[in-house]
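Input: a single structure, listed below in structure tokens.
Every number here is computed from the coordinates shown, using simple stated rules; none is lab data. This is a predicted model, so every value here is computed, not measured. In this analysis, Cβ positions are derived from the backbone assuming ideal geometry, glycine residues included, and neighbour counts consider all displayed protein chains.
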Amino acid sequence: MNDPGAITLFLTVGLPGAGKTTRARQLAKEHNALRLTPDEWMIPLFGEPEADGKRDVLEGRLLSLAMEALRLGTNVVLDFGCWSRAERSAIRWLAESAGASCRLVYVPVDLETQRARIARRQSLTPDQNFPVNEADLLNWRMLFEEPDAAELDGDEIGPPPPDWPGWPEWAADRWPSFSACS
């Protein structure tokens, strides 16, 4: 169990429309934390949610900023979604290497609720959101690796995928602009 007084990285995990950003805002307020949400940067900077790989670059810079904030003693909420266990493991490892604990905050959502939330969000603030269709929703649900109880409890972080010497190298490949030394 994490030390309640320790600096903490809160990592929201879930699909679009699950309520991650709402939960991230709550966590930031409750824990006096810096909240980093790529969705709030993509459309203003690039006019679209993915922009030819620029999302990965933006996430890398935000991840570097998060590590620096942790080293300086500031709690951080990363509102990334983190669909894969490898992404979550890398971020957990990086947070621990920065002297912080990491708490996964999984926000599950059923398909009907997800549809309704996305439709509502698109109708209320179309300029702040990106279009999502049924094929996207179904594809995302297939790609998403739901965290298990051991991962949510913060059990041991496993090794990086085969052919990777460590999590920092894997993270630098996944998020091209990430720098562990930032």
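Mean separation of Cα pairs under 8 Å and 6 or more residues apart, divided by the residue count, gives the chain a relative contact order of 35 percent. Using unit Cβ charges (K, R positive; D, E negative) and no other charged atoms, how large, in debye to the nearest 20, is the dipole of the chain about its Cα centre? Using only the charged Cβ atoms, the result is roughly 660 debye.
Against the longest alpha carbon principal axis of the chain, how many degrees, from 0 to 90 and to the nearest 10, is the axis of helix 20-30 turned? Helix 20-30 and the main axis of the chain meet at about 50 degrees. To the nearest 10 degrees, how steeply does helix 54-71 sit against the main Cα axis of the chain, on a 0 to 90 scale? Approximately 40 degrees, to the nearest ten. Just checking the listed ones, Val77, Val13, Val57: in the Gaussian network model of the chain with Cα springs under 10 Å, the one fluctuating most is Val57. The spacing between the range 52-68 and the range 110-182, judged by their C-alpha centroids, is 14 Å.
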